[in-house]
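The values are calculated or read from the model by the stated rules, or taken from the named source; none is laboratory data. What you see is a predicted model; the values in this text were computed from it and never measured. A quick note on method: Cβ atoms are made from the backbone with ideal geometry, for glycine too, and the neighbour counts reach across all protein chains shown. Side chains are part of the model used for accessible areas, which takes the heavy atoms of the whole protein and leaves out ligands, DNA and RNA. Shrake-Rupley method; radii C 1.70, N 1.55, O 1.52, S 1.80 Å.
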Amino acid sequence: MTAQVIETHPIEGQQPGTSGLRKKTRVFMQTHFLENYVQSIFDGIGGVSGKQLVIGGDGRFFNDTAIKIILRMAAANSAKACIVGQNGILSTPAASHLIRTRKTDGGLILSASHNPGGEDEDFGLKYNGPNGGPANETTTDKIFARTKSLTNYRIWDGGDVDLATLGTTHIGEMAVEVIDPITDYADLMEELFDFDAIRALFASGFTLRFDAMHAVTGPYACEVLQNRLGAPVGSVVNEIPLPDFGGGHPDPNPIWAKDLMDCMYGANAPDFGAASDGDGDRNMIVGKSCYVSPSDSLAVLADLAHLAPAYSTGLAGVARSMPTSAAADRVAAAKGIPSFETPTGWKFFGNLLDAGKVTLCGEESAGTGSNHVREKDGLWAVLLWLNILAAKRMSVAELLADHWQRYGRNYYSRHDYEAVDSEAAHGLVNDLRAALADLPGQTFGSLTIERADEFAYNDPVDGSHSAAQGLRVFFEGGARVVFRLSGTGTQGATLRVYLEQLETDPSKLDKDPQDALADIIAAADALAGIRAKTGRNAPDVIT
Ligand code: G16
């Protein structure tokens, strides 16, 4: 058995998006497609000769086949060693942790996150660097450039590794270490949080339902919540990871985690509900008849994180993606710590975390995390909430109401128009971009536009510049609407419309967000011509 050099040709469409390359699984399965992209990653990061990599994924269809191909390619590219989760499984935060604790040269994470899985659904692959975080734009640009010039790739002939058996084997000179994917991560959680307090909370009769959505978090949640913290067996549901997520859409939001929402809004609801996504980095938090929006969740965690041991000395700062509501900014201001606004994409938090400028980060897209890894972390967010509830002994609804009373409420919603004709979606954005300069002073119903711009980011750590990160329209009185096209879809274009309005009147804090935002929703449509240009009468998903 030897390293083979296989002739290939550049394949179009291998540009990484918000978080790595995401395509239909069948596209990834096409001849040379995966191999080309993997070789481009290897070349784009300066080769993998003598390097050590972590490799794992969320267990979706094609995960194990792809990992075996990647291992054979790593061996043929003279990598020193690969650390692989048993059966090819590693949640994204667990992979990030492993890269950091084992001080590897980075890792390859196989996931299309919250997108459905299966032969006819979605697949994805991304490279994370030695800090454990998603590659920055400089690196993904190099990878993409390489996809356009690639003429061959290297792959070991033979070398089929048994991913089910723990221990070290070899492909040629390269060591392949198959490890238990759960224990290190669970140990880390035990270091960060007051497990005794959370155990006491469960012992007092506090009830939980964690919906793992047949995705990667199931085994992690069973170990941490049930085995280590004493939540009764059965508290974690849909806990067995399946290659097609049981036919579901593993996106933890009120639409796709409807079973959990029905349970939490029904009779005899548990005290606390939570869900995570395909690869375990997103989270949804919900109390009895009380959904917590991701933006509010970030703000509450920023306010009360000091109740958990890992954050007891306070936070260095807080960061949020631009479309996320400003709720966390006001907490930061009250605490006298800096807040940062980054483009969408967890990769933009990496430098801030590495430089010690922030401790907590979060996004409206159901992601929250801290400096414990360099990815967002679904189960971590659930545990921080549980730690806070154990300390406060309040219900989720009481905690949220108390937060709004003290800080005001940023009414918030995101409207998604999915699989829109790509030309129409780009046309809408281009038209709006061209109109931005003329918008100030224009009125839409009761709303007057104060300013409008296209968000761009200057990284305060490495000085890099990221342009065209979303169109923002600010209204007098503090309302805002943001328009951007998703970078994670695999079909047509997804238009995201982010709507926000701050309310500080204590008597007006318990409205339905769609009612509270009705004027802004109407203004957004009038401004961008959503219905006319997309041909859609209503969003596909409202969160
Ligand atoms: C990824 C990114 C997030 C981003 C989300 C949605 O999350 O890491 O930062 O907010 O996609 O991005 P978009 O609006 O471009 O679709 P995940 O969980 O999909 O890896």
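Looking for something part of a loop (DSSP other than H, G, I, E, B), more than 16 Å from the ligand (Cβ to nearest atom) and touching a residue at least 40 places away in the same chain (Cβ under 8 Å) - is there at least one such residue anywhere in the stretch 56-75? Yes. The requirement of being within 13 Å of the ligand (Cβ to nearest atom) and open to solvent by 10 Å² or more (accessible area, probe 1.4 Å) is not satisfied by Q514. For the stretch 395-423, filtering for residues that are more than 26 Å from the chain's Cα centre (by Cα), open to solvent by less than 40 Å² (accessible area, probe 1.4 Å) and modelled with pLDDT under 95 leaves 0.
Of all residues in the stretch 87-132, which are within 16 Å of P243 (Cβ to Cβ) and away from the ligand (no atom under 16 Å from the Cβ)? Hits for the stretch 87-132 are N87, G88, I89, G118, E119, D120. Residues of the stretch 339-364 being near the ligand (Cβ under 10 Å from one of its atoms) and part of a loop (DSSP other than H, G, I, E, B), which ones? Within the stretch 339-364, P343, T344, G345, E364 meet the criteria. Mind checking which residues of the stretch 425-471 are open to solvent by 50 Å² or more (accessible area, probe 1.4 Å), in a helix (DSSP H, G or I) and in contact (Cβ under 8 Å) with a residue 60 or more places away in the chain? H426, D431 - these are the residues of the stretch 425-471 that are open to solvent by 50 Å² or more (accessible area, probe 1.4 Å), in a helix (DSSP H, G or I) and in contact (Cβ under 8 Å) with a residue 60 or more places away in the chain.
Taking the conditions exactly as written (crowded, with 22+ Cβ neighbours inside 10 Å and either among the polar types (S, T, N, Q) or over 21 Å from the mean Cα position of the chain (by Cα) (or both)), does F210 satisfy them or not?
Values: crowded, with 22+ Cβ neighbours inside 10 Å: yes; either among the polar types (S, T, N, Q) or over 21 Å from the mean Cα position of the chain (by Cα) (or both): no.
Criteria not met by F210.
Could you tell me whether V84 is of a type outside the set (S, T, N, Q), within 15 Å of D160 (Cβ to Cβ) and in contact (Cβ under 8 Å) with a residue 12 or more places away in the chain? Criteria met by V84. Filtered by the rule that a residue be crowded, with 24+ Cβ neighbours inside 10 Å and closer than 19 Å to T313 by Cα, the stretch 333-369 gives L353, V358, L360, C361, G369.
Scanning the stretch 487-504 for residues that are over 19 Å from S321 (Cβ atoms), open to solvent by 50 Å² or more (accessible area, probe 1.4 Å) and away from the ligand (no atom under 16 Å from the Cβ) yields a single hit, T504. Filtering the stretch 248-272 to residues that are under 20 Å from P232 (Cβ atoms), open to solvent by 30 Å² or more (accessible area, probe 1.4 Å) and touching a Ser or Thr at 6+ places or on another chain (Cβ under 7 Å) leaves only D271.
Let's see how each residue does on (1) touching a residue at least 12 places away in the same chain (Cβ under 8 Å); (2) not small (G, A, S):
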site	(1), (2)
F206	yes, yes
H214	yes, yes
A221	yes, no
V233	no, yes
V236	yes, yes
P241	yes, yes
I255	yes, yes
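Residues that are among the charged types (D, E, K, R) and outside any strand (DSSP E or B) within the stretch 167-190 comprise E173, D180, D184, D187, E190, listed in sequence order.
Any residue at all in the stretch 133-142 that's more than 23 Å from N371 (Cα to Cα), acidic (D, E) and within 12 Å of the ligand (Cβ to nearest atom)? The answer is no; no qualifying residue exists.
Counting only residues that are in a loop (DSSP other than H, G, I, E, B) and not small (G, A, S), the stretch 102-128 holds 10 of them.
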